[in-house]
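In what follows, a single structure is set out as structure tokens and then discussed.
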Amino acid sequence: MPKVTFLRPSGDDIAADVGDGTSVMQAAVAHGVTEIVAECGGTLACATCHVYVAEEHLDRLPPISNDEQEMLDFTAAPRETGSRLSCQLPLGPELDGIVVRCPETQY
């Protein structure tokens, strides 16, 4: 079971074990990470599941699509290295242990 850790702006963190294929966004919603709004439910039609992936995990991420790249231009929080939409990050053995930081706002 892959594990994902969410670092919240408050300084708290939430660690979640989830099934293979669960997106980071789905894991956030299921585990009460309220900083991940997920307004569109993971259809890549909004940017309210924006996260910052910790630098040590960047080389393990799937490639970013053109659609995700464009949607990241509409995030409420500043875009940084490691900015991704959590709906586009399926968890599995390759992303086990990933750490993502939640922005202070999604709006």
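The values are calculated or read from the model by the stated rules, or taken from the named source; none is laboratory data. All figures in this text were calculated on a predicted structure; none of them were measured in a lab. Here the Cβ is made from the backbone with ideal geometry for all residues, glycine too, and neighbour counts use every protein chain on show. Ligands, DNA and RNA are stripped out before the accessible areas are found, and what is left, the full protein with its side chains, is counted by its heavy atoms. Shrake-Rupley method; radii C 1.70, N 1.55, O 1.52, S 1.80 Å.
Order 48-54, 28-34, 63-69 from most to least packed using the mean count of other Cβ atoms within 10 Å.
48-54, 28-34, 63-69
Whole-Hz ³J(HN,Hα) for each residue in the stretch 30-47, computed from phi via Karplus 6.51 cos²θ - 1.76 cosθ + 1.60 with θ = phi - 60°, x for glycine and proline: what do you get?
With the stated coefficients, the stretch 30-47 comes to 5, 10, x, 7, 5, 6, 9, 7, 6, 4, 8, x, x, 8, 6, 10, 8, 10 Hz.
Step through the residues of the stretch 10-18 one at a time and calculate ³J(HN,Hα) from phi using the Karplus curve (6.51 cos²θ - 1.76 cosθ + 1.60, θ = phi - 60°), rounding each to whole Hz and writing x for Gly and Pro.
Values, residue by residue: 6, x, 6, 9, 10, 9, 9, 9, 9 Hz.
Using each residue's phi in the stretch 74-91, evaluate 6.51 cos²θ - 1.76 cosθ + 1.60 at θ = phi - 60° and report the 3J(HN,Hα) Karplus result to the nearest Hz, with x for Gly and Pro.
10, 6, 6, 8, x, 6, 9, 4, x, 5, 8, 8, 5, 5, 9, 10, x, 8
Where Lys and Arg each count +1 and Asp and Glu each count -1, what net charge lies around Gln88 among other residues with Cβ under 13 Å from its Cβ?
On the way: positive: Arg84; negative: Asp67, Glu68, Glu70.
With Lys, Arg at +1 and Asp, Glu at -1, the neighbours total -2.
Mind checking which of Ala76, Thr34, Val18 is farthest towards the positive end of the chain's charge dipole, using Cβ charges of +1 (Lys, Arg) and -1 (Asp, Glu) about the Cα centre?
Thr34
So how strong a dipole does the stretch 3-101 carry about its Cα centre when Lys and Arg Cβ are +1 and Asp and Glu Cβ are -1, to the nearest 20 debye?
Roughly 160 debye, rounded to the nearest 20.
With runs of 4+ DSSP H residues as the only contributors, calculate the mean residue ellipticity of the chain at 222 nm using -39,500 (n - 2.57) per run, divided by the residue total and rounded to the nearest 500.
Roughly -3000 deg cm²/dmol at 222 nm, from the helical runs in the chain.
What part of the accessible area of the chain, given as a whole %, is carbon or sulfur when the probe is 1.4 angstrom? Walk me through the numbers before you get to the answer.
On the way: 2620 of 5420 Å².
Whole-percent figure for carbon plus sulfur exposure: 48.
Where does the charge balance sit around Lys3 when Lys and Arg score +1, Asp and Glu -1, over other residues with C-beta under 14 Å from its C-beta?
Details: positive: Arg60; negative: Asp13, Asp17, Asp20, Glu94, Asp96.
Local net charge: -4.
For the chain, what is the convex hull (Cα atoms) projected area averaged across all directions, in square nanometres?
5.8
Scan around Ser23 for amide H atoms under 5 Å from its own, H built in the peptide plane at 1.01 Å from N, and keep only partners 5 or more places away or cross-chain.
The list, which skips near neighbours in sequence, is Leu91.
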